[in-house]
Every structure is written in structure tokens, then in C-alpha cells.
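**Q** Structure incoming, see below.
The values are calculated or read from the model by the stated rules, or taken from the named source; none is laboratory data. This one's a predicted model, so the numbers in the text were calculated from it and none came from an experiment. Virtual Cβ from ideal backbone geometry, glycine too; neighbours counted across all protein chains shown.
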Amino acid sequence: MNYIQFSSVKLVVSGKVQGVGYRYFIARKASELELNGYAKNLFNGDVEIVAEGRKEYLHALVLQAKEGPRNSRVDSCKVEWLDFKKKYDNFEIY
């Protein structure tokens with residue numbers, strides 16, 4: 001496996017992203033893109049997303065995270081690129 005084309009990303013998304021199906025939207029998109037990781041609500045109202053997989057698919061997920069589902073409103077999306085560690089076997093919602 002050529003790890004050069006693989007990466008990980010951590011997103012912290014702010015706005016109206018809790019109680020609107022945002023994590024499930026992200027999980028569905030991550031599954032479609034064959035990405036592993038998780039999405040979880042944070043106590044301050046943000047959503048944290050960590051995903052790993054093919055770098056071009058991660059870029060697509062970042063675009064989807066900035067868009068969000070219909071009933072959401074994304075005010076900001078902090079993106080932090082990380083080294084690929086292959087820590088996750090699937091995509092979970094917490």
C-alpha cells in the first residue's frame with residue numbers, strides 16, 4: 001500500500017450543526033468515500049470530525065462538511081491535516 005496518497009484530517013465545524021442530522025450526513029458521505037474515523041458533538045455546540053483515507057476523498061469530505069445537510073448552517077470549519085496512522089476500521093458517530 002502506498003501511504004503517500006493517504007492522509008488524515010481533523011475538522012471542527014461551528015454553526016447550527018447539532019440536532020440537524022449533521023453527524024449522520026457526514027457519516028453517510030464518509031462511507032460513500034470509503035473513509036474511516038468519527039464524527040462527534042462537542043459540549044460547546046461544535047462537531048468534531050476525524051477522517052482518514054485517500055487524500056482526494058478527504059478533500060471531498062471537507063467540501064461536504066463546509067456545506068452540511070439542508071437544515072444545518074456552517075459558520076466555520078477549521079481544518080487540520082494530519083499524518084495517516086490507519087487508526088480506524090470504520091466511520092463511527094459519537
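**Q** Restricting the search to the range 39-94, which residues are among the basic types (K, R), touching an Asp or Glu at 6+ places or on another chain (Cβ under 9 Å) and under 17 Å from F25 (Cβ atoms)?
**A** Correct list: K40 only.
**Q** A follow-up question, please. Determine whether the range 72-80 contains at least one residue that is at pLDDT 95 or above, within 23 Å of F6 (Cα to Cα) and surrounded by 14 or more Cβ atoms within 10 Å (Cβ to Cβ).
**A** Within the range 72-80, one or more residues are at pLDDT 95 or above, within 23 Å of F6 (Cα to Cα) and surrounded by 14 or more Cβ atoms within 10 Å (Cβ to Cβ).
**Q** Mind listing just one residue for me: the one in the range 34-59 that is outside any helix (DSSP H, G or I) and among the acidic types (D, E) and, of those, surrounded by the fewest Cβ atoms within 10 Å (Cβ to Cβ)?
**A** Checking each candidate, the answer is E34.
**Q** Do the conditions hold for R54, that is, is it within 17 Å of F91 (Cβ to Cβ), of a type in the set (K, R) and within 9 Å of the chain's Cα centre (by Cα)? Before the answer, list the steps.
**A** Numbers: within 17 Å of F91 (Cβ to Cβ): yes; of a type in the set (K, R): yes; within 9 Å of the chain's Cα centre (by Cα): no.
It is false that R54 is within 17 Å of F91 (Cβ to Cβ), of a type in the set (K, R) and within 9 Å of the chain's Cα centre (by Cα).
**Q** For the range 8-17, indicate whether the set of residues that are free of Cβ contacts under 8 Å to residues at least 24 places away in the same chain and not polar (S, T, N, Q) is non-empty.
**A** Looking through the range 8-17, none of the residues is free of Cβ contacts under 8 Å to residues at least 24 places away in the same chain and not polar (S, T, N, Q).
**Q** Another question, then. Return the pair list, or none, for Cβ contacts closer than 6 Å from residues in the range 23-41 that are hydrophobic (A, V, I, L, M, F, W, C) to residues that are assigned to a loop (DSSP other than H, G, I, E, B) and at pLDDT 95 or above, at least 6 apart or on different chains.
**A** Hits for this filter: F25/P69.
**Q** Kindly indicate which of S8, S31 is assigned to a helix (DSSP H, G or I) and of a type in the set (S, T, N, Q). Full working, then the answer.
**A** Details: S8 fails: assigned to a helix (DSSP H, G or I).
Step by step, each of S8, S31 is checked, and only S31 is assigned to a helix (DSSP H, G or I) and of a type in the set (S, T, N, Q).
**Q** Could I ask something else about it? Please enumerate the residues belonging to the range 81-90 that are buried (at least 16 other Cβ atoms within 10 Å of the Cβ) and out of contact with any Lys or Arg (no Cβ under 9 Å at 6 or more places or on another chain).
**A** Y88, the sole residue that qualifies.
**Q** Could you run through the range 9-45 and say how many residues are of a type outside the set (D, E, K, R), within 15 Å of Y88 (Cβ to Cβ) and more than 10 Å from the chain's Cα centre (by Cα)?
**A** Going through the range 9-45 one residue at a time, the tally reaches 2.
**Q** Any chance you could count how many residues in the range 1-33 are crowded, with 21+ Cβ neighbours inside 10 Å, touching a Gly at 6+ places or on another chain (Cβ under 9 Å) and among the aliphatic types (A, V, I, L, M)?
**A** 5
**Q** Ok, one more. Residues V13, V62, V20: which one is of a type in the set (A, V, I, L, M) and in a loop (DSSP other than H, G, I, E, B)?
**A** The unique qualifying residue is V20.
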